[in-house]
Amino acid sequence: MTLVNAGVVVLDCAEPETLAEFYKELLGAQETDIGANRIEIAAADGFRMAFRRDVNATPPSWPRPENSLQAHLDFLVDDLDEVERAIVGLGGRPLETKDAPGPLEERGFSDPAGHSFTLRRATSTAPKQN
């Protein structure tokens, strides 16, 4: 049984609209999902990216260690509870989310090595962050 329906490369940024437009043009992609805090695009070859609003985002500083997070994985799932149980069973762990805005339609985790990723329901109804 497949637990994950699709994978998406997600870039956190202060202005997802601007970054989505850049990559749409660069990749010849189309918008496939638009929400208040997230825009997803898909290129003709099936490559998918999303841009998630983080009002506190700062540009990555790679290769310097400060602000070095470049991207994280975002997995689309049907049943958050079922997949969370599977992740924990495989050695992953939930990440604490303090005061998450809106309904809990996504959950953060880390893999056994500590890399973060997000499980997300396909359709979001969360309000826009201020």
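If I ask for residues that are open to solvent by 60 Å² or more (accessible area, probe 1.4 Å) and in a strand (DSSP E or B), which ones from the stretch 1-51 would you list? Gln30, Glu31, Thr32, Ile34, Arg48 - these are the residues of the stretch 1-51 that are open to solvent by 60 Å² or more (accessible area, probe 1.4 Å) and in a strand (DSSP E or B). Candidates Leu90, Leu73, Leu69, Leu26: the one that is at pLDDT below 90 and touching a Pro at 6+ places or on another chain (Cβ under 7 Å) is Leu69. Scanning the stretch 118-130 for residues that are open to solvent by 30 Å² or more (accessible area, probe 1.4 Å) and modelled with pLDDT of 75 or more gives a single hit, Arg121.
The values are calculated or read from the model by the stated rules, or taken from the named source; none is laboratory data. None of these values were measured; they are calculated from a predicted model. Don't worry about glycine lacking a Cβ; one is built from the backbone with ideal geometry, like all the others, and counts go over all protein chains shown. Just so you know, the surface numbers come from the protein's heavy atoms only, side chains and all, with ligands and any DNA or RNA stripped out. Shrake-Rupley method; radii C 1.70, N 1.55, O 1.52, S 1.80 Å.
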